[in-house]
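I have placed the structure first, in the form of structure tokens, so that the comments after it can refer back to it.
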Amino acid sequence: MTDELHRRRAQALRVSPEKVESRHERGLLTARERVEALLDPGSFFEVGQLAHSDVPGAEAATPADGRICGYGKVAGRFVAVKADDQMVLAGSGARVGSRKASAVASMAMEKGFPFISLGEAGGARIPDIQGSDGLSIGGMKPEMALRDRRVPAVATLMGECFGSPGWYAAFSDFVVQTKNSCVAVVSSLVLQKATGEQVSNEELGSWKVHATVTGLSDRVAEDEHHALELVREFLSYMPSHAGELPPTIPCTENAQPRQADLSTLIPASPRAAYDMRKLLRILVDEQKLFELKPDFDRSVITALARINGQVVGLIASNPMFNAGAMGPNGCAKCTKFITTCDSFNIPLVFVHDTPGFFVGKNAEHAGVAGKIINFYQAVAHVTVPKIALVVRKSYGMAYYNMGGGAMDMDFRFAWPSADISFMAPELAAEVAYGRKISTAENPQQAREEVIASMRSQSAPWRAAGLFCFDDVIAPDETRERLIQALALARSGNNGGLSRRLMASWPSNF
């Protein structure tokens, strides 16, 4: 009996050396190599190794039915993992393998483990899913749809990913795509046969498409080892489940000396750009940011970081692109980030330097009004600590979306350089006083006087005098004020845990 067990295990693990070598030559790992590279050494606990297709006669050709599933540890914490095995019928999804993946995902949510999908597959296995019985019995189970962000979900996209790897990615909180991958609902070959459209796989779903156009990918990896490193790094900022706070890493550095650099970072000209990432790095521990969607609407930065050892989520205007004016994609980027942070007990810090939202015909046709309100609703639903900081300009509706005005924030701060109003003084002068300026004896002087008057009104002092800000602070005080404010906001009965009002918010946009 034991001999039979050993024989079956050996058969399940048997791979073609030629196939493995071919993958390695293309920069691809096998499914089991990916699992081993991701998890802590020796921690993998596999389930369903002896599984195979339920189609008679296909047993020997479908070891593990194309899905390597189980549990292990990342940095000492349990995770659940599903890896598509492309060497088994192109990694196509089938009933038994899908059932294994669903069981592992269900266990992850029940026990409170992050769930990780290592994706590379050629879509559904046609013989299994074709026909009314195949389609009705097979298909993706609803575990991920019903996850309600109880545990973090992560997906990698490596190699050719059609069908289910993309679905898992769209369900996930964090998605990494390698540069040698393609991700699409169907391949270019299927598309051509179904619709006649001639398009390459790269045009359909390369990393450039999903990093800059669709926003599906949160990070792009140079290779598979880099992708798995990014997964481990992302999880270091996440709690294992929604019932606990993110892990704390004590801050051992003295960050105060570099805070003096903040005073000289903002240019004197209100139109001049500067490096917002430098500002953020000065504020956070070890000057380390973990950005999400860095190439998707670069007018706004969304990043995880630590301040005094505690994880925070940063949403910051980026004056280097569109002067920090977000379009519809920027709003969607912020909304997705907010849902992740609020669902996993990560406080949010909003850093304003924006002239408003990026509008125009293209933006209107892309539904910018709806995206702005979706973003606004997301901020209003947040129940983790949230703090707003205005460092320079903050105009119009964008001011409210970033936590200004009547938005319910724990704390609001402004630098003396803050410039807050409905629109830029230069534009407001032309709209409101254009006729008066044009008919003045000295139009240039009249214009400058109107602008100067408006700019004095948009300084933070009037709003601070009406207690619309908790304080106006010097730039070099900012880190210490954030540390104190976050500690206060985390205190109380809930201890910084979210009320999870956004747990069922749609996973994608």
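Note that segment 238-248 has calculated 3J(HN,Hα) couplings of 9, x, 5, 8, 6, x, 9, 7, x, x, 9 Hz, one per residue in order, obtained from phi through the Karplus relation 6.51 cos²θ - 1.76 cosθ + 1.60 (θ = phi - 60°); glycine and proline are x. Close amide H contacts of residue 121 (hydrogens built in the peptide plane, cut-off under 5 Å, sequence separation of 5 or more or a different chain): 161, 162. Using the Cβ-Cβ distance between residue 26 and residue 189 with R0 set to 22 Å, the FRET efficiency from 1/(1 + (r/R0)^6) comes to roughly 0.75. The lysines within cross-link reach of residue 73, meaning a Cα-to-Cα straight distance under 16 Å and a gap of 8 or more places when in the same chain, are 82, 111.
Working note: Karplus 6.51/-1.76/1.60 with θ = phi - 60° gives segment 394-407 the couplings 7, 10, x, 4, 4, 4, 5, 4, 8, x, x, x, 7, 4 Hz, where Gly and Pro are set to x.
Applied to segment 308-319, the Karplus parametrisation 6.51 cos²θ - 1.76 cosθ + 1.60 on θ = phi - 60° returns per-residue 3J(HN,Hα) values of 6, x, 9, 5, 9, x, 10, 10, 9, 4, 10, x Hz, with x for Gly and Pro.
Less than 5 angstrom separates the built amide H of residue 74 from those of 40, 79, all sequence-distant by 5 or more or on a different chain. For 18, 480, the sequence from fewest to most other C-beta atoms within 10 Å is 18, 480.
On the beta carbon distance between residue 50 and residue 16, with R0 = 22 Å, the FRET formula returns roughly 0.65. Amide H to amide H, with H built 1.01 Å from N, residue 313 comes under 5 Å of 348, 349, counting only residues 5 or more places away or on other chains.
Residues 19, 73, arranged from fewest to most other Cβ atoms within 10 angstrom of their Cβ, appear as 19, 73. Annotation: the residues 399, 376, sorted from fewest to most other C-beta atoms within 10 Å of their own C-beta, follow the order 376, 399.
Of all beta bridges DSSP finds with both residues in the chain, what is the antiparallel percent, to the nearest 5?
The answer is about 35 percent antiparallel.
Here the sum of -39500 (n - 2.57) over DSSP H runs of 4 or more residues, divided by the residues of the chain, equals -11000 deg cm²/dmol at 222 nm, to the nearest 500.
At an R0 of 56 angstrom, the distance between the Cβ atoms of residue 232 and residue 4 translates into a FRET efficiency of 0.90.
Want the number for residue 75 to residue 435: 0.36 nm per residue separation, take away the alpha-carbon distance, what's left?
Values: separation 360, 0.36 × 360 = 129.60 nm, distance 6.62 nm.
Residue separation times 0.36 nm, minus the Cα-Cα distance, leaves 123.0 nm.
Across the chain, the mean sequence separation of Cα contacts (distance under 8 Å, 6 or more residues apart), normalised by length, yields a relative contact order of 10 percent.
May I ask which of 100/179; 333/386; 100/333 have a Cα-Cα span longer than 21 Å here? Among 100/179; 333/386; 100/333, the Cα-Cα distance tops 21 Å for 100/179; 100/333. In straight-distance terms, cross-link reach from residue 19 covers every one of the aspartates and glutamates whose alpha-carbon lies under 20 Å from its own, apart from those fewer than eight places away in the same chain; here that gives 33, 36, 59, 65, 84, 85, 120, 160, 223, 224.
Since every read-out is calculated from the coordinates, none of them should be taken as a lab result. In this text the structure is predicted, and so the values were computed from the model without any measurement. FYI the Cβ positions are ideal-geometry reconstructions off the backbone, even for glycines, and counts take in every protein chain you see.
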